[in-house]
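The structure appears right after this line, and notes come after that.
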Amino acid sequence: MNLQIVFKGFLELALLAGSALFAGLVLMEYRTQGPHPHPPLNGRDLAHSAERWAVWMGVKGLELAVRAAGAFFGMLSEASAEVGEWFLDRRHHQTR
């Protein structure tokens, strides 16, 4: 039972380290190549191609998240401006 707990802990740690490594690779690729990198395919080195393809898919997911966040924050900014305008207009009418 103790060996199983230790193994589970090492497995979780390895999964966390792999996720951090993958996130780092995706961020580095996004930073260097931008949101539109070319999908790397090489028939001679399938393992490296699979790794590069996974990073490419991560970059595409990050691009989608950045676009969605931009649209979301744009809507929030517009709504905030409208609320501010409403508040100032209401305050102006109350001071008259």
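For the reader, a short list of remarks on this structure follows.
- Tabulated pairs, the stretch 41-70, first in contact (Cβ under 8 Å) with a residue 40 or more places away in the chain and aromatic (Phe, Trp, Tyr), second loosely packed, with under 13 Cβ neighbours inside 10 Å and assigned to a helix (DSSP H, G or I), C-beta under 8 angstrom, 6+ apart or interchain: none
- Selected residue [out of contact with any strand residue (DSSP E or B) (no Cβ under 9 Å at 6 or more places or on another chain) and either loosely packed, with under 10 Cβ neighbours inside 10 Å or among the acidic types (Asp, Glu) (or both)] from GLY43, GLY34, GLY61, GLY24: GLY43
- Pairs where the first residue, in the stretch 26-38, is over 15 Å from VAL66 (Cα atoms) and modelled with pLDDT under 80 and the second is of a type outside the set (S, T, N, Q) and surrounded by 12 or more Cβ atoms within 10 Å (Cβ to Cβ), C-beta under 9 Å, 6+ apart: PRO37/GLU29; PRO37/TYR30; PRO37/VAL55; PRO37/TRP56; PRO37/VAL59; PRO37/LYS60; HIS38/TRP56
Results for (1) in a helix (DSSP H, G or I); (2) among the small types (Gly, Ala, Ser), shown as yes or no for each residue.
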| site | (1), (2) |
| --- | --- |
| GLY18 | yes, yes |
| ARG31 | yes, no |
| GLY43 | no, yes |
| TRP53 | yes, no |
| ALA68 | yes, yes |
| MET75 | yes, no |
| PHE87 | yes, no |
| HIS93 | yes, no |
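The values are calculated or read from the model by the stated rules, or taken from the named source; none is laboratory data. None of these values were measured; they are calculated from a predicted model. Virtual Cβ from ideal backbone geometry, glycine too; neighbours counted across all protein chains shown.
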